[in-house]
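This report refers to the structure that appears directly beneath it.
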Amino acid sequence: MLGRRQSVRGEPILIDYALDDALNESSEIEWINKPWVRWMLHFSSLISLVSVSANTPSTFKLYPVLKYVTLACDIYVTLLFTAEMIVKMYQQGIIRGEGSYLKDRWCRYDACMVFFHWVSIVLHVFELLQFVDPYAIHSILRAPRPLIVVRLVRLFLIFSLPRSRLKQIFKRSSQQINNVTLFFLFFLSLYGLLGVQLFGELGRHCVLESKYLNEDIIRNISLGDLAVPDTYCSEDGDAGYQCPSGMVCRKLDLHSDISGYTGFGDFLRSIFTVYQAASQEGWVIIMYRAIDSLPSWRSTFFFTTMIFFLSWLVKNVFIAVITETFNELRVQFQKMWGVRGQIPEQATTQVLSGDDCGWRLMNINDSKTQGWAPHFCIKYLQSAGFYLLIMTAIITDAIWAASLVFRHDIGKRQDVYTTYYYAEVCYTIFFDVEAIVKLWCLGFNGYFRLTIHKFEFVLAVGTTIRLIPPLFMTALTYFQVLRIVRLIKASPVLEDFVYKIFGPGKKLGSLILFTMCLLIITSSISMQLFCYLDGVPKFDTFAMAFMSMFQILTQEGWVEVMDETMISTMKKITETLAPLVAIYFILYHLFVTLIVLSLFVAVILDNLELDEDFKKLKQMKAREQSAGIQETLPLRLRVFERFPNRPTMAKLHKVPSDFSLPK
C-alpha cells in the first residue's frame, strides 16, 4: 500500500496569492473585509507609487505645487494603511497566537511599508520647513517606498496549486538556477585572479621628458604634460607601446575619478573589470590598454577566452536553463489542469483540414456569413483577385507616403502637402469602401469576430477623421502609417509565424507587464537613491531615471550610467560608498540581462511550438488515414505489417547435398 499511487479526491490544498494570507473573516470588524475597502487599499498603493515618483527636488522646481500635492497624498495613504494595520493587529494579535500579525510575512511587509511612509512624511515636512536640505542624503530613506506596488501586483498574481506541487517546482527550478549561478561565479572569480596575475596595475602613461625625467611616480600632472590622445605605454622596449620622441613612460598616481574604476590592481577591482568586459560594453578599450602596457599575447589569451566563456557560454547556459525551467512549469501546469479543465459550451468547433500545402486548423463557421450581400459578392470578397487588389493598394499607399520629401529652401510646407492630401483622400475613400463592403457581406457579427477586421475598422475610422484639414498634419498620421501592418497577410508563412509569436498573447503580455513593473519600481528606487546628487541629470526626475534604467536593460552605455553615478557619489559624500553603487547597478544589470531577457526567449520558443490540441487533432487525422489504408490493402499485404521491420529472405549457407536425408 505504501508504494501504491494514491488518487486525489475532492479539493486539494490550494495556495492563492490574490488574497492576503492573514485575512480574518471575523464579524467583529467587518469593514476591513469588504471588497470596496480592499480595492481602495490597492488603489492607494498605486497613489503612493505615483507620489514617491514625483518627490524629487528637480520635479518640485518644475512644478512647485507638487510639494503639497504629494504631501497630501502621502498623509492620506499612510493614515489608511495605518488604520488597516491597527485593525489587523486587533483581530489577530500582535505576537501571541498561531496567526498573529508579526508572524505573517505579508503583514510584516505591510508594517515595514507603513514605517517608511511615516518616515517619508516627517522628512517631507522637514524639507518644507527648511530644516533639511532638499539635496541631503536623507532622501534615500524614501527608496523602499516604491515596493508598495507589490500590494497591487499581488492582487493579479493568482496561482491555485497544491502546496507539495508548488514546492517541488520551485525546488527543481532553484537548483538549476543555483548551479548555473555557481558556474558563472566560478569563471568570474577565475578570470579575476588571472587578470591580477597577468596584468596587475596598469598606470603608465606617456609624459613630457623635460619635466619628469628623473621621477618614477608622478603625482602632480596636468593635461598639457600628457600625450594627445592620452595613451598607455610600456617601459619594455620589446613589447607594448613605445612613447614618441620627447616623451617618457612614467607611472601616474591618478585618483579614481580621473583614471576610472577599471583595472587589475587588486582582486575586487579585477572582478569589476572582468564583469564589465564580459557584458561586451567597453571591453575593447580595456584590451588595448593591456596591449599597450604589456606583451600582446597576454591580452589575446585573456580577452578571447573570457569573451567565449563569460559572454557567450554562460549567457546561453542561462537562456537554456530558464527555457527548460519554463517548459517544466508549463508541463506541470498542464498535468494538474488537464483533468480539471472543461471545454466551455461557447467554444467554437474546429476541424483539421489538409491539402497539398499542409494542415490547417479551421473553424466550421468560417464559410458561414450573416450579411445581406448576394452570393456572388461574397464569393468575390473571398477570391484571390480582391485580396491582391487590397494588397496592391496598401503597397502603393506606402510607396507614395515614403516618396514625400520636404525641402525648406524650396517652398512652404503647406504647398508640399497639398498634392499629398488629395492622394490620401482617394486612398482613405478606397479603404473605407472596403470596410463597408466587408460589413455588408459578412454582417456585424461576422465582421467583428476576427481581430484583423477590428484593426482594419480602427484604421478606417482614424484615417477618415484625419481628412479634416486642421487634423491632417497631426499625430493621426500614425493611423495611415499603420496600414503597412496589413501586409503581414500577404505572406501566409509570415502570418503564421507572427500568430505563433503574438497569438497566445497572455504569456508574452504578462512578461511585458512584469518587465514594465520592474522598470517602474527600480526607476523609482534609483531616483530616490541618487536624486540628491546635484548636477547628475540621469536621476533628477522619474522620466530620466526610467530612461537610465531602460538603457541599462538594453546594455547600451550602461557603464557610463554607473561610472557617472559612482563619481558623483564619491564627490558628494565619500569614496567608500562608490563600491556599493557599483554592486547595485551590477546586480540590476545581471538580473535584467540574464533572467528577464532569457524569459523572453523562453516564452517565444514556447509560443513557436505547436498547440497541444493541434497535435492531438493531427495525430487523430493520421490514424484515420492509416486505418483507411489498412481497409483498402489486400490481406496478403497487410500481413507484412505484423513484422517488426520488414520481411527478409533467409540465406542458406549449405547446399542441398549437405543435408542428410532419412533412409
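No lab work stands behind these numbers, since they all come straight from the coordinates. Small disclaimer: the values here were computed from a predicted structure and weren't measured. Positions of Cβ are generated from backbone atoms using ideal geometry, with glycine treated the same way; all protein chains shown enter the neighbour counts.
The convex hull defined by the C-alpha atoms of region 523-567 has an orientation-averaged projected area of 2.7 nm².
You can think of it this way: the chain between residue 380 and residue 405 has 5.2 nm of extra reach, that is 0.36 nm per residue less the Cα-Cα gap. The alpha carbon convex hull volume per residue for region 505-608 rounds to 83 Å³. With a simple spin-label model that places each label point 7 Å from the Cα along the Cα-to-Cβ direction, the separation between residue 387 and residue 178 comes to 5.5 nm. Cα extents for region 269-331 along the principal axes, largest to smallest and rounded to whole angstrom: 55, 20, 15. Net charge within 15 Å of residue 456 by Cβ-Cβ distance, Lys/Arg positive one each and Asp/Glu negative one each, not counting residue 456 itself? Surrounding charge for residue 456 is +2.
Using the Cβ-Cβ distance between residue 95 and residue 266 with R0 set to 45 Å, the FRET efficiency works out to roughly 0.45. Only the Cβ atoms of Lys and Arg (+1) and of Asp and Glu (-1) were treated as charged; on that basis the dipole of region 505-608 about its Cα centre amounts to roughly 320 debye. Using the alpha-carbon centroid of each, what span in Å lies between region 169-191 and region 547-590? First find each Cα centre; the distance between them is then 24 Å.
Share of pairwise Cα-Cα distances greater than 14 Å in region 234-319 is 71 percent (whole percent). Extension gain for the segment residue 487 to residue 600, taken as residue separation times 0.36 nm less the Cα-Cα distance, is 38.1 nm to one decimal.
Considering the options 64, 153, 138, tell which one lies farthest towards the positive end of the dipole of region 56-191, charges being +1 on Lys and Arg and -1 on Asp and Glu at the Cβ, about the Cα centre. Selected residue: 153.
Mind scanning 251/572; 167/500; 34/103; 454/500 and naming the pairs with a C-alpha gap bigger than 21 Å?
On the way: 251/572 28 Å; 167/500 31 Å; 34/103 24 Å; 454/500 19 Å.
Pairs exceeding the cut-off: 251/572; 167/500; 34/103.
Backbone phi angles across region 87-100, fed through the Karplus curve with coefficients 6.51, -1.76 and 1.60 (θ = phi - 60°), yield HN-Hα couplings of 5, 5, 5, 5, 6, 9, x, 8, 10, 6, x, 5, x, 5 Hz in residue order; Gly and Pro are listed as x.
Can you divide the C-alpha Rg of region 175-316 by 2.2 N^0.38 Å and report the result to two decimal places? Write down the numbers at each step before the final one.
On the way: Rg = 17.0 Å, N = 142, 2.2 N^0.38 = 14.5 Å.
Cα Rg divided by the expected 2.2 N^0.38 Å: 1.18.
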